[in-house]
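Read the figures in this text as sums done on the coordinates, not as results from a lab. This one's a predicted model, so the numbers in the text were calculated from it and none came from an experiment. Positions of Cβ are backbone-derived with ideal geometry, glycine not excepted, and every protein chain shown enters the neighbour counts.
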Amino acid sequence: MIHIKTNQEIEVMRKSALLVSATHTEVAKMLRPGITTLSIDKMAETFIRDNGGVPSFKGYNGFRYTLCISVNEVVVHGFPGAYELKDGDIISVDCGVYMNGYHGDSAYTFAIGNVQPEVLQLLRVTRDSVFKGAEQAHDNNRVGDISYAVEQYCSKLHPYGVVRDLVGHGIGKKLHEDPQVPNYGRRGDGKRLKEGMVLAIEPMINLGTREVYTLDDGWTVVTKDGKASAHFEHTVAVRKNRGETLSSFVDIEAAERANPELNSSHYDAPATVTEM
Ligand code: MG
Ligand code: MG
């Protein structure tokens, strides 16, 4: 069942989503070679709780951490741990916050130092595809219009693998609500969108094959060919003419640019899509 939110509920959700974004901003400030992914997770949990939220993922189906941290060929749902980041890594950070009865959910992929240009381009395209999808999140469109926009943007000009085994989702009082929001599909297919629906749009895009598999730990999803994967996500409210992003990348990107250990050169090219 799809829950339509009132404007008042959406304002509450915006606070949860923006605390997720603020958490990513703190992550952006601390990233550097040599830091363990577990220390990033611990900082994030403290930051979220200090700001009145609860980590949405901790305890979710037995997940033990605040963040999903997915390095290089890990697509999503990686465990924070003893791994120390190194020059040339990319790190996808997925975060959810529950506050005042509602969840926010957003993901961002960072590049540490000397990352290959083809991988940097993957990050840029994946990030921008979130906004291409969000543009379609308007009244009377269908879920397939979002899916199609994301897939076309990622795969039309690039030989990328658009992951099909994992999808975006509705979000609200529960972290995962109806409808599912695939990153592939056909225009005009799927559930009709209505103003007040809130969706997590989250393309997972691979440098190589779209095929993925899950490790024996039951969570960690990796690319079948071992090539890099990027993941960006926004919580988006369906509005009359275009989706409205409730989470924001603006402060994350500023922190990314200010951190000399991070590579943000892929954002030097002019933006073709913007937050709304
Ligand atoms: Mg997420
Ligand atoms: Mg999500």
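What shape does region 140-204 have by the C-alpha gyration tensor, where a ≥ b ≥ c are the square roots of the eigenvalues, rounded means a/c under 1.5, and otherwise prolate means a/b greater than b/c and oblate the rest?
On the way: a/c = 2.61, a/b = 1.52, b/c = 1.72.
The shape class here is oblate.
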Original post:
So which lysines pass the test for K58, namely a Cα distance under 22 Å, with those fewer than 8 places away in the same chain ruled out?
Top reply: K15, K42, K173, K174
**OP:** Quick one: plug the Kirkwood hydrodynamic radius of region 7-267 (C-alpha pairs) into Stokes-Einstein at 4 °C, 1.567 mPa s, and report D in µm²/s.
**Re:** 72 µm²/s
Original post:
Between region 67-117 and region 188-238, what is the C-alpha centre distance in whole Å?
Top reply: 13 Å
Subject >> Furthest towards positive pole of dipole, S92, M13, V76, structure part the chain, Cβ charges >> reply: M13
Original post:
If the cut-off is a Cα-Cα distance under 19 Å, which aspartates and glutamates reach K224, setting aside same-chain residues fewer than 8 apart in sequence?
Top reply: E73, D89, E118, D165, E211, D216
Original post:
How big is region 60-106 by the Kirkwood estimate over distinct Cα pairs, in Å?
Top reply: 12.0 Å
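Within the chain, which whole H helices from DSSP have a Cα span along their axis of at least 24 Å and a mean Kyte-Doolittle hydropathy of -0.5 or more, if any? The partial results should precede the final answer.
Values: long enough: 7-30 (35 Å, -0.09); 117-135 (27 Å, -0.09).
Answer set is 7-30, 117-135.
May I ask you to order 38-49, 118-129 by the average number of other C-beta atoms within 10 Å around their residues, highest value first? Before the final figure, lay out each step's value.
Details: 38-49: 18.7, 118-129: 21.1.
Highest mean packing first, the order is 118-129, 38-49.
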Subject >> Environment charge of S265, counting only residues whose C-beta is closer than 12 Å and scoring Lys/Arg +1, Asp/Glu -1 >> reply: 0
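For an R0 of 45 angstrom, estimate the FRET efficiency from the Cβ-Cβ distance between N241 and A82 and round to the nearest 0.05.
On the way: r = 48 Å, r/R0 = 1.06.
Result of the calculation: an efficiency of 0.40.
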